[in-house]
Amino acid sequence: MMAVARDIHVQGELRYGEPMSRHTSWRVGGPAETFFLPASIDDLSAFLAELDTSTPVFWHGVGSNLLVRDGGIRGVVVSATKMLRKLERVDGYRVRAGAGLPCTQLARQCIRWGLGPSEFFAGIPGTVGGALAMNAGAHGGETWERVESVRTINRAGEFFQRAPSEYSVGYRNVTGPANEWFLEGLFRFEPGVEPSMETLNDMLERRKATQPLGLPSCGSVFRNPPGDYSARLIEAAGLKGHRIGGAEVSGKHANFIINRDNATAADIEALIDFVRRTVLEKHGVELVHEVRIVGEEAA
């Protein structure tokens, strides 16, 4: 890979050949050709405006739902989550949250403010931006049920305020204007719905008891099919503990694939494909992965 964007002046930080294994929860992934950590929204906007239009741009959150292949990512990876962490209460029932804010933090503060239903955000292992991008949900709640508007930035560094009506939102899927990324969301909660810190803590304890949180993973790998659970189908197919290379189907939660022993991205992707094919063969159900797989295969 050749480094790009060397001639662009930034206030933030540009890194070249940055290992994406440092920036994904699976702890795998080849190098980013160029990795940009903007200092501010204005720095990000100026950088995008000046960047050659032929250069691919990949927006990176915290990497909790991402598999980067071993050959890495061409072009520029923008990592802006550290500067997009603001959270403010707008009025009695609305809050504005930056795309880099952890969903658990959003849940805890909304509960302190008495805004509900908000506990379900604690069950989302990522940031507000990632939750917006895939309509993440947990414990019966979904992100876009609470969205009143979003602020975005496009490939040219221009800002937009957009309504939910400008997006097609489904189960773990959001489609909207091309080449735009979420900067923040305005969320509306409901009068008369009292949230509970006890419920939130129960959710977190349940996660700890049922998921392999101490090992590198991306959370749930597959979407739940209609009327069933991916974890049940995978376990019923006898795949708990199945390994390819250093990647393993968790013995604690079958919809988790863990990096057990220095797995490569290729190990994990091969195991994802094996699980999908086996469940289709044994149950006639085609699982769809919700993890995002990006980048180049190793040479």
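Read-outs throughout are calculated quantities, based only on the coordinates presented, and are distinct from any laboratory measurement. Predicted model, so just to flag it, every value in this text is computed and none were measured. Quick reminder, even Gly has a Cβ in these numbers, built from the backbone with ideal geometry, and neighbours come from all protein chains shown.
Distance between the C-alpha centers of region 227-299 and region 61-136? Whole Å please.
That distance is 25 Å.
Report the dimensions of the chain along its three principal axes from the alpha-carbon atoms, largest first, rounded to Å.
Principal-axis extents of the Cα atoms in the chain, largest first: 57, 53, 31 Å.
Cα to Cα, under 26 Å, and not fewer than 8 places away if on the same chain: which lysines meet these conditions relative to Lys240?
Lys208, Lys252, Lys282
Please compute the net charge surrounding Asp70, taking Lys and Arg as +1 and Asp and Glu as -1 over other residues with Cβ under 13 Å from its Cβ. Write out the running numbers ahead of the final one.
Values: positive: Arg27, Arg69; negative: Asp267, Glu269, Glu296, Glu297.
Neighbourhood net charge equals -2.
Which value at 222 nm does the chain reach when only helices count, each DSSP H run of 4 or more adding -39,500 (n - 2.57), with the total divided by all residues and rounded to the nearest 500 deg cm²/dmol? Can you show the working numbers first?
On the way: 6 runs with 67 residues, N = 299.
Roughly -7000 deg cm²/dmol at 222 nm, from the helical runs in the chain.
Could you check the simple spin-label distance between Gln11 and Val288, using points 7 Å along Cα→Cβ, in nm with one decimal?
4.1 nm
List the trypsin sites (Lys or Arg not before Pro) in region 23-91 that DSSP assigns to loop (not H, G, I, E or B) and whose Cβ has at most 14 other Cβ atoms within 10 Å. Which are they?
Lys86
Using Cα pairs under 8 angstrom and six or more residues apart, how large is the relative contact order of region 212-294, in percent? Kindly include the intermediate steps, with their values, before the conclusion.
Numbers: 135 pairs, mean separation 28.7, N = 83.
Here the relative contact order equals 35 percent.
Quick check for me: using +1 on Lys/Arg Cβ and -1 on Asp/Glu Cβ, what's the dipole size of the chain about its Cα centre, in debye to the nearest 20? Provide the component values of the computation, followed by the final result.
Numbers: 33 positive and 36 negative charges, 127 e Å.
Roughly 620 debye for the chain.
Quick one: Cα convex hull volume of region 194-250, Å³ per residue?
On the way: hull volume 6.9 nm³, N = 57.
Spelled out: Cα convex hull of region 194-250, divided by residues, is 121 Å³.
Whole-Hz ³J(HN,Hα) for each residue in region 111-124, computed from phi via Karplus 6.51 cos²θ - 1.76 cosθ + 1.60 with θ = phi - 60°, x for glycine and proline: what do you get?
Once rounded to whole Hz, the list reads 5, 4, 7, x, 9, x, x, 9, 4, 4, 4, 5, x, 9.
Taking the highest mean first, how do the peptides 136-145, 290-299, 94-103 order by number of other beta carbon atoms within 10 angstrom per residue?
On the way: 136-145: 18.8, 290-299: 15.2, 94-103: 22.4.
Packing order, densest peptide first, comes out as 94-103, 136-145, 290-299.
For region 13-82, max minus min Cα coordinate along each principal axis, in Å, sorted largest first?
32, 25, 18
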